[in-house]
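Student: Supplied in structure tokens, the structure appears directly below.
The values are calculated or read from the model by the stated rules, or taken from the named source; none is laboratory data. Just so it is clear, the model here is predicted, and its values are computed rather than measured. Cβ: placed from backbone, ideal geometry, glycine included. Neighbour counts: every protein chain shown.
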Amino acid sequence: MGGLAYERLHANLEALKLNVIGSIVDNYLELAAKEDKPAVEVLDHLLDEEVRARNASAVETRLKLAGFPAKKTLDDFDLSFQPSIDPAVLEELRTLRFVHNAESVCFLGPPGVGKTHLAIGLGMEAASRGFSVYYTTASSLLDQLRKAEQRDGLDRKLKTFGKYKLLVIDEIGYLPMKREGAHLFFQLVSRRYEKASTIFTSNKPFSEWGEVMGDPVIAAATLDRILHHSTTVNIKGESFRLRARQRAGKPAPLAEAVAGGGDA
Ligand SMILES: Nc1ncnc2c1ncn2[C@@H]1O[C@H](COP(=O)(O)OP(=O)(O)O)[C@@H](O)[C@H]1O
Ligand SMILES: [Mg+2]
């Protein structure tokens, strides 16, 4: 192959940023000529490769931007270990209808039962199906909002956090919020309410969020919005980490032994 048409083909592929086609077109055209492939098949194959590669790299970018602390998939979650979770509820969540409908999801339960795993699993699912996702812990979220407020940029920051189609706020309740933190948290929840979906995880039942947030009135107003359109999954089982340690013949760390309850 050569000549003017060949040169222009490559120049135009470059101008249109069809890089994948640019890299495979020579070989493929040769093959197509040998096998007498119809033009429509050739075009279809080339464009399909380009689109496929773009989707894959878009997913990769979205996963990177999401900032997950670990890779956890729903397929890796062993439901038989956690009978308190209704598989039908998890199946429904997996459809991501809750993201389309801008609803909330809450995973509640003691340490080690899989709250973070499930939140990340749903987040990865959403990212790979085209939604913008961001993962943060409650304390990092409040840090970011506080810093933005000090720089007079709270509104812009809230807007940024408001844009993600799915926001995961992990570990609510491990650290108490203080009143001004609770205010910031409330503003964020209000901003996203009925507009975009949020997954919350907490080791504390809703009845203790007043204490966690340091203000029962703001907590009630926040929960009112969170729970208006929401699915709550209460996980009651034992810690997966603890069992893994026991299986390995290691003693349980004190905090988890206490949280797991002494039934031995
Ligand atoms: N049912 C499960 N199947 C597979 N792995 C699990 C399960 N539950 C928890 N894990 C794993 O155990 C560890 C603790 O789970 P994690 O989600 O961090 O708990 P939590 O956030 O509730 O404290 C993680 O490595 C997680 O992947
Ligand atoms: Mg966790």
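Student: Hand me the list of helices (runs of 4 or more DSSP H) wholly inside the stretch 1-92 holding 2 or more residues that are closer than 27 Å to residue 161 by Cβ.
Tutor: 39-66
Student: Separate question: When you scan the stretch 68-121, how many residues do you find that are over 18 Å from the mean Cα position of the chain (by Cα) and either more than 9 Å from ligand 1 (Cβ to nearest atom) or aromatic (Phe, Trp, Tyr) (or both)?
Tutor: Of the residues in that region, 6 qualify.
Student: Return the pair list, or none, for Cβ contacts closer than 7 Å from residues in the stretch 170-195 that are closer than 18 Å to residue 103 by Cβ and in a helix (DSSP H, G or I) to residues that are among the hydroxyl-bearing types (Ser, Thr, Tyr) and more than 16 Å from ligand 1 (Cβ to nearest atom), at least 6 apart or on different chains.
Tutor: Filtered contacts from the stretch 170-195: 189/222; 192/198.
Student: Please specify each residue of the stretch 208-219 satisfying the condition of being over 26 Å from the mean Cα position of the chain (by Cα) and either in a strand (DSSP E or B) or exposed (fewer than 15 other Cβ atoms within 10 Å of the Cβ) (or both).
Tutor: 211, 216, 217, listed by residue number.
Student: For residue 152, are the conditions met, namely being within 26 Å of residue 122 (Cα to Cα) and either over 19 Å from the mean Cα position of the chain (by Cα) or not in a loop (DSSP other than H, G, I, E, B) (or both)?
Tutor: Values: within 26 Å of residue 122 (Cα to Cα): no; either over 19 Å from the mean Cα position of the chain (by Cα) or not in a loop (DSSP other than H, G, I, E, B) (or both): yes.
It is false that residue 152 is within 26 Å of residue 122 (Cα to Cα) and either over 19 Å from the mean Cα position of the chain (by Cα) or not in a loop (DSSP other than H, G, I, E, B) (or both).
Student: Then there is this: Being touching a residue at least 12 places away in the same chain (Cβ under 8 Å) and on the phi < 0 side of the Ramachandran plot is the filter here; which residues of the stretch 59-74 pass it?
Tutor: Passing the criteria: 59, 62, 63, 65, 66, 68, 69, 70, 71, 72, 73, 74.
One line per residue, one yes/no per condition, for (1) under 30 Å from residue 230 (Cα atoms); (2) surrounded by 12 or more Cβ atoms within 10 Å (Cβ to Cβ); (3) in contact with a strand residue (DSSP E or B) (Cβ under 8 Å, 6 or more places away or on another chain):
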residue: 45; (1), (2), (3): no, yes, no
residue: 53; (1), (2), (3): no, yes, no
residue: 61; (1), (2), (3): yes, no, no
residue: 65; (1), (2), (3): yes, yes, yes
residue: 72; (1), (2), (3): yes, yes, no
residue: 75; (1), (2), (3): yes, no, no
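Student: Next question, about the same structure. The conditions are (1) part of a helix (DSSP H, G or I); (2) away from ligand 2 (no atom under 16 Å from the Cβ), and residue 118 fails exactly one of them. Which is it?
Tutor: The failed condition is (2).
Student: Could you say whether any residue in the stretch 101-113 is part of a helix (DSSP H, G or I) and either among the hydrophobic types (A, V, I, L, M, F, W, C) or surrounded by 15 or more Cβ atoms within 10 Å (Cβ to Cβ) (or both)?
Tutor: Within the stretch 101-113, not a single residue is part of a helix (DSSP H, G or I) and either among the hydrophobic types (A, V, I, L, M, F, W, C) or surrounded by 15 or more Cβ atoms within 10 Å (Cβ to Cβ) (or both).
Student: Would you confirm whether or not the stretch 130-143 contains a residue that is assigned to a helix (DSSP H, G or I), touching a Lys or Arg at 6+ places or on another chain (Cβ under 8 Å) and at pLDDT 95 or above?
Tutor: Of all residues in the stretch 130-143, those assigned to a helix (DSSP H, G or I) come to 138-143.
Filter once more, so that each one left must be touching a Lys or Arg at 6+ places or on another chain (Cβ under 8 Å): none.
Scanning the stretch 130-143, I find no residue that is assigned to a helix (DSSP H, G or I), touching a Lys or Arg at 6+ places or on another chain (Cβ under 8 Å) and at pLDDT 95 or above, so the answer is no.
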